[in-house]
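Read through the structure below, which is laid out as structure tokens, and then see the notes.
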Amino acid sequence: MKKLSVMALALTFAAFTAFAGTASAKTLKVAMVTDVGGVNDQSFNQSAWEGLKRAEKELGIKTAYKESKQDADYAPNLETLTDAENDLIWGIGFLMADAIRSTALINPDQYYAIVDFFYGPDTPANVSCAIFQEEQPSFLVGYIAGKMTKTNKIGFVGGIKFPLIEKFEYGYMAGAKLANPNVEVLRQYAESFTDAAKGKAITTNMYGQGADIVFHASGAVGDGVIEAAKEDGKWAIGVDKDQNSLAPDNVLTSAMKRVDNAIFDMVKQLQEGHFKGGEAVVYNLSNNGVGIAPTSSKHVPAAILAEVDDLIAKIKAGELVVPSTAAEYEAFIK
Amino acid sequence: MEMIIRDIGFIIGTTLMYSTPLIYTSLGGVITERSGVVNIGLEGMMYFGAFVGAAVAYFTASPWLGLLCAALGGALFGLIHAVACVTFNAEQIVSGIAINFLGAGSALFISRLLFDGATQTLTIPNKMPLPLDFLFGEGRLFPSSGFMDLVFNRFATVYLAFFMVFVVWLVLYKTRIGMRVRAVGENPEAANTLGVSVIKIRYCAVILSGVFAGLGGAAMSIAVVSRFSNTLISGHGFIALAAMIFGKWKPQGAMLACLLFGAAKGFEIYLGSKGVPIPGDILAILPYLLTLIILVGFVGKTTAPGAVGKIFDKSGH
């Protein structure tokens, strides 16, 4: 009897270790924490989750997510996923920067990654940062706007003025100026990422002043921007994802940020044994991290799209460096 | 000169766009508080109305049906508030807070069920008509983007809001029912003694406040924009509540307070577009600051209805 129970115990133990062994050796576990937008926000978080799901299908990893309802949820959500023994935990969006860093410092053996934020030299060795060159797709849509404006006036609506949004602003302006040196760019910030009514009023005003194309980098404020385009029969340019479905006849193109591609790429690298801890991985035109919307061909003439393709080739080759700040923009237009 | 006139037209137009959803909701606030029931759940009712309006307008392709259902959706939460506060004598503030969570929570929950897990609806196929375009043909009456066009070529919801202010004023001050509502809000015991059913009046008033808040939400989701998203209503219900108090619990006063807030927003956006050397975040405070200054400086003391927030117990305990 005693012998039997010892054997049973040994067997279970063996089974356990065997199971644990295969799990850790083969199936990678990657999870993510959304910011307050939630996993189906039709934007950023959703794109991230699509990237993970693609990795699940193509790379055979296991995925999970936790939604944050408010800023205070970030740290607890990260802790929960840390306890769940994931191989890599993503924080989606710069809002989670502090939470990721402090959690990473407490759990030095756990890998973390964050989208849209780079801590510079303070980046913990177990954190990898995925950042995007938003100025590149903004430059391309700016070029399209500069070529297509009939009034030589175009607009830009920003969310809240900080360096990330300025990348969109100056990239766009540079593209427009390159396409059309006479173009005037009206610019206004909504000081919000949620006030759609304000986006609509700002945009209506820009159209009233003669602009005929308005690009936005302003989250839900952009709902108002696109609404104004629809009501006034003018063009709007979407951001982050292909926003043409919001107003098929009025969204000219969109400056896309492929969070899904970035996440997929980093998971793949991890699976191959490369985790770039302590540094930033930059996503741009060269690695399909950014681009313009596939629906652009609906409204943009093929000749202009061909010029855009030339620009993409030049940017990829490093012959053309797109400005991302006010100073770089000034230098660019000289 | 032409430019200045156009700019003024823009500010007035923006004022109307911003204040319309607030006017509906603050009217709801006036009605319920006049009957003696505090309703800080306006935000939640508005949120729910915004969702229902957009969802129904999406599925039926009729903005009018959307508006109607938004009113009914608001009424549902009004009913919940009435059951809690009037029948069960619950603390009105607590019930209002619960309604705020419940309204937002149910809107998001139903949205996830209907829209493939998303906390926003898809774009509605048809918008509210612009009455002027509808009557006279597009751009026929006033040249487009001119002063008259910017001011008067507004959605039906805008015109309806002002009409409703008139109706609520008429009913509250010129009819027997209105007098009873005010009596119940000032002194329910006395009204009760005179044979007025305090319970019935309060039920109607609280449900109506839900109707108006629902309309306010829909005025946002199917006129200002054309879909509901999870951040569309953020604080509007509370601003409407404040407007009602600043407007001294009168429909016309609440309307003026909402217009003032909208005008400040319009002015802020106008200044922003002119590139004035004031940082944007300071400009963004302007509407709130201006409202406060004008109200503290010019409106003076406001007095709430006598029995507002007090529990009425018919048995006299």
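The values are calculated or read from the model by the stated rules, or taken from the named source; none is laboratory data. All of these numbers come straight from a predicted model, not from anything done at the bench. We place every Cβ from the backbone using ideal geometry, glycine too, and count neighbours over all the protein chains shown.
Here are the numbers for this structure:
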{"quantity": "When residues of segment A:167-219 are limited to those that are β-branched (Val, Ile, Thr) and out of contact with any Lys or Arg (no Cβ under 9 Å at 6 or more places or on another chain), the one surrounded by the fewest Cβ atoms within 10 Å (Cβ to Cβ)", "calculated": "A:Thr194"}
{"quantity": "Residue match in segment A:290-298 (condition: in a helix (DSSP H, G or I), in contact with a Pro (Cβ under 7 Å, 6 or more places away or on another chain) and surrounded by 13 or more Cβ atoms within 10 Å (Cβ to Cβ))", "calculated": "no"}
{"quantity": "Flag if B:Gly210 is within 12 Å of chain A (Cβ to nearest Cβ) and part of a helix (DSSP H, G or I)", "calculated": "no"}
{"quantity": "So B:Met128, is it in contact with a Pro (Cβ under 6 Å, 6 or more places away or on another chain) and either on the phi < 0 side of the Ramachandran plot or surrounded by 15 or more Cβ atoms within 10 Å (Cβ to Cβ) (or both)", "calculated": "yes"}
{"quantity": "All positions within segment A:146-175 that are in contact with a strand residue (DSSP E or B) (Cβ under 6 Å, 6 or more places away or on another chain), at pLDDT 95 or above and among the hydrophobic types (A, V, I, L, M, F, W, C)", "calculated": "A:Ile154, A:Phe156, A:Val157, A:Phe168, A:Met173"}
{"quantity": "Condition met for B:Phe59 (part of a helix (DSSP H, G or I) and either crowded, with 21+ Cβ neighbours inside 10 Å or within 14 Å of another protein chain (Cβ to nearest Cβ) (or both))", "calculated": "no"}
{"quantity": "Residue in segment B:233-244 that is more than 14 Å from every other protein chain (Cβ to nearest Cβ), at negative phi, out of contact with any strand residue (DSSP E or B) (no Cβ under 8 Å at 6 or more places or on another chain) and surrounded by fewer than 19 Cβ atoms within 10 Å (Cβ to Cβ) present", "calculated": "yes"}
{"quantity": "Condition check for B:Met3: among the hydrophobic types (A, V, I, L, M, F, W, C) and within 14 Å of another protein chain (Cβ to nearest Cβ)", "calculated": "yes"}
{"quantity": "Subset of segment A:174-206 [part of a loop (DSSP other than H, G, I, E, B) and facing chain B (nearest Cβ under 7 Å)]", "calculated": "A:Glu191, A:Thr194"}
{"quantity": "Spans of helices (runs of 4 or more DSSP H) in segment B:101-182 with at least 1 residues over 28 Å from A:Asp223 (Cα atoms) and away from chain A (no Cβ under 11 Å)", "calculated": "B:131-136, B:156-174"}
{"quantity": "Within segment A:212-249, considering residues that are part of a loop (DSSP other than H, G, I, E, B) and within 11 Å of another protein chain (Cβ to nearest Cβ), the one farthest from the chain's Cα centre (by Cα)", "calculated": "A:Gly233"}
{"quantity": "Single unsatisfied condition, B:Ile293 versus (1) within 14 Å of chain A (Cβ to nearest Cβ); (2) aliphatic (A, V, I, L, M); (3) out of contact with any helix residue (DSSP H, G or I) (no Cβ under 7 Å at 6 or more places or on another chain)", "calculated": "(1)"}
{"quantity": "Residue in segment A:62-77 that is surrounded by 21 or more Cβ atoms within 10 Å (Cβ to Cβ) and among the hydrophobic types (A, V, I, L, M, F, W, C) present", "calculated": "no"}
